[in-house]
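The values are calculated or read from the model by the stated rules, or taken from the named source; none is laboratory data. Since we're looking at a predicted model, the values are computed, not measured. Counting neighbours? That spans all protein chains shown, and the Cβs are built from the backbone with ideal geometry, glycine included. When the accessible area is computed, the model is the full protein with side chains, heavy atoms only, and any ligands, DNA or RNA have been set aside. Shrake-Rupley method; radii C 1.70, N 1.55, O 1.52, S 1.80 Å.
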Amino acid sequence: MSESNPHTVCIIGGGMSGLFTGAILAKNGYQVTILEKNHIIGGGLQSFRRGDAVFNTGMQVFTGYEKEMITYNFFKYLKIIDKLKILSADSEAQEIVWLDRDHCYLLPKGRQAYEEYLIKNFPHESDGIKDLINEVFKIGHTYDYLFLNKIQRHEENVRYAYMSAYEFMSQYIKDKTLLSLFAYIGGTSGHSMETMPALEFCMMLTLYITDSHRFVGGSMQLVDALVEIIHQNNGVVINNTKVCKIVINDRSLSSVYSEDGRRWEGECFVWACSPQILLSISEEKIFRPSMMERISKYVNPFTGYIINCKLKDKKFPFINSSVYISKPSDDTHFPPIAFLFTQPLEENQIWAQTMDIYIPATFDGVRKWAGTIVEHRGDDYNKMKLKVANEMIELVSKYYPKIKDAIDSFYVASPLTIRDFYGNPHGAVYGQQGLYVPIKTRVKNLFMTGQAVQNQGVAGIATTSIIVAETILGRSLIEEIAKV
Ligand SMILES: Cc1cc2nc3c(=O)[nH]c(=O)nc-3n(C[C@H](O)[C@H](O)[C@H](O)COP(=O)(O)OP(=O)(O)OC[C@H]3O[C@@H](n4cnc5c(N)ncnc54)[C@H](O)[C@@H]3O)c2cc1C
């Protein structure tokens, strides 16, 4: 590679995975072109302003930001830490509110504190709790890249990949209330305890116990920092460019076309959005037949409503933790009634400026408007959204009585908004997470990244992006990232 003729990569999708992968490749001498269908870059990493209020579209809190862990070292490797305003969660990082019991569990961060808290609340399960946490950390730590280790084979993990989180936990815990307490872990990735693989559960619980961080001022600051790296290395990030056609000859992708007829080339291509979209625009056998079938049949039913509430000045305190509101409390299927996050005022972090309430739901509630387009969905649709929002605010006010008076105005996104924003079929919030598509395809210069490959969220997507970049570069990066 010479400076005048660098390697080129074209990345389709300007969400977290496209940007992470693009930033790593740009830093390593690739000329990067990112094509994004939306007007604004970022996908689930995007935040937006209404007046002076900042709302996150997706990403609220992230993990792996302790020293010697993936997110921290990855941001350091990209040299972006100074550009980010990051706040560590309070020591009680997760609040599980059970409305039917009028009770709240404040789960602390840090392994010892977490374990002690559970034992204090469930003393009759103390041996089981110790054994469970021990096993969870042991298995969680086999996700090598999260802890900056070279990938090794972990044969013993195979059985945890096929065991449900519920079955796994039941080996140690008998108390139904305690079992259902852990269900928040599944809820954050679109799983019930029965559908979540034990392996993924252990990884996520390890991360959640270890740390929790957020951006003050919205997640867009990370998008801006990543775009800057790509620009600095002669790359481009192009919005309003929806890819609708790909041209493959002799198992090699030569170009992609955007809806406006423009043609985009690259030495290699990275597909950083839904694999279902990829299959819908190509007749080629991009994956082996069983994977093709799996992708086309896959339905991730986990979508929802998001209420972005702008709060009145200094009327509601900033809650520096993640709040999960649930009912009934002995249902291990979860899903929670709602997740609730506040954003602090940038200057003092005492008062909340906004509250984002995310309500898991299925697509069924909006199916009758599925054929409509944004802003033309009709009065019925608007009334339905208002009803969902009012009922939820009423429910939240049972636990936070001051919230009703504190809300200045709110906006509601439905599963249709989510579908159209991400381009994910059925408005799946976590895309095709759970598909585990391979990074390498049958097309030699087409690679897959994003939440359909491995795990979602900052730590998960950083891991996948590093692996994709390593595959393209043909050399390992993890030692370098571990050393920074
Ligand atoms: C409500 C919600 C809450 C979340 N909370 C958290 C959290 O607290 N912590 C956390 O770590 N993670 C959280 N996540 C998950 C996190 O946001 C996602 O895992 C991550 O943003 C996914 O990144 P991605 O690049 O794989 O996909 P996406 O963000 O979906 O990006 C894909 C991009 O591709 C674009 N695209 C689609 N089709 C095309 C096309 N044909 N041509 C060009 N571009 C196209 C889309 O517009 C999109 O911008 C949350 C997600 C949601 C939705």
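Note on the range 122-132: residues that are in contact (Cβ under 8 Å) with a residue 24 or more places away in the chain and open to solvent by less than 90 Å² (accessible area, probe 1.4 Å) amount to 6.
Check F410, F339 and return the single one that is touching a residue at least 60 places away in the same chain (Cβ under 8 Å) and touching a Gly at 6+ places or on another chain (Cβ under 8 Å). Write out each step before concluding.
Numbers: F410 fails: touching a Gly at 6+ places or on another chain (Cβ under 8 Å).
F339 is the lone residue from the list that is touching a residue at least 60 places away in the same chain (Cβ under 8 Å) and touching a Gly at 6+ places or on another chain (Cβ under 8 Å).
For the range 133-168, the set of residues classified as charged (D, E, K, R) and open to solvent by less than 80 Å² (accessible area, probe 1.4 Å) consists of E135, D144, listed by residue number.
Scanning the range 424-439 for residues that are in a loop (DSSP other than H, G, I, E, B) and open to solvent by 20 Å² or more (accessible area, probe 1.4 Å) gives V429, Y430, Y436, P438, I439.
Against the numbered list (1) within 16 Å of the ligand (Cβ to nearest atom); (2) closer than 30 Å to R288 by Cβ, V388 comes up short only at (2). On the given criteria, is L179 part of a helix (DSSP H, G or I) and either aromatic (F, W, Y) or farther than 17 Å from I461 by Cα (or both)? So L179 passes the test. Applying a threshold of 8 Å to beta carbon distances and a minimum spacing of six or more residues, or different chains, the list of pairs starting in the range 295-313 at a residue that is more than 19 Å from I359 (Cα to Cα) and touching a residue at least 60 places away in the same chain (Cβ under 8 Å) and ending at one that is open to solvent by less than 50 Å² (accessible area, probe 1.4 Å) and assigned to a strand (DSSP E or B) reads K312/I407.
Within the range 94-106, can one find any residue that is assigned to a strand (DSSP E or B) and open to solvent by 30 Å² or more (accessible area, probe 1.4 Å)?
Quick first cut of the range 94-106, residues assigned to a strand (DSSP E or B) only: 94-98, 103-106.
Restricting the remaining residues to those that are open to solvent by 30 Å² or more (accessible area, probe 1.4 Å) gives 103, 106.
There is at least one residue in the range 94-106 that is assigned to a strand (DSSP E or B) and open to solvent by 30 Å² or more (accessible area, probe 1.4 Å).
Evaluating R262 against the criteria (1) away from the ligand (no atom under 16 Å from the Cβ); (2) open to solvent by 40 Å² or more (accessible area, probe 1.4 Å) leaves one unmet condition, (1). Selection of first residues in the range 441-457 that are on the phi > 0 side of the Ramachandran plot and of second residues that are among the small types (G, A, S), restricted to Cβ pairs under 6 Å at least 6 apart or on distinct chains, gives the following pairs, ordered by first then second residue: G450/S17; G450/A272. Restricting R419, R442 to those that are open to solvent by 40 Å² or more (accessible area, probe 1.4 Å) and within 12 Å of the ligand (Cβ to nearest atom) reduces the list to R419.
Listed here are the residues, each with its yes/no results for (1) open to solvent by less than 10 Å² (accessible area, probe 1.4 Å); (2) in a loop (DSSP other than H, G, I, E, B); (3) among the small types (G, A, S); (4) more than 29 Å from Y324 (Cβ to Cβ).
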{"site": "G14", "(1), (2), (3), (4)": "yes, yes, yes, yes"}
{"site": "G22", "(1), (2), (3), (4)": "yes, no, yes, yes"}
{"site": "L25", "(1), (2), (3), (4)": "yes, no, no, yes"}
{"site": "G29", "(1), (2), (3), (4)": "no, yes, yes, yes"}
{"site": "T33", "(1), (2), (3), (4)": "no, no, no, yes"}
{"site": "H39", "(1), (2), (3), (4)": "no, yes, no, yes"}
{"site": "T71", "(1), (2), (3), (4)": "yes, no, no, no"}
{"site": "F74", "(1), (2), (3), (4)": "yes, no, no, no"}
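When the residues of the range 265-295 are filtered to those that are among the small types (G, A, S) and surrounded by 14 or more Cβ atoms within 10 Å (Cβ to Cβ), which remaining residue is modelled with the lowest pLDDT? In this case the residue turns out to be S274.
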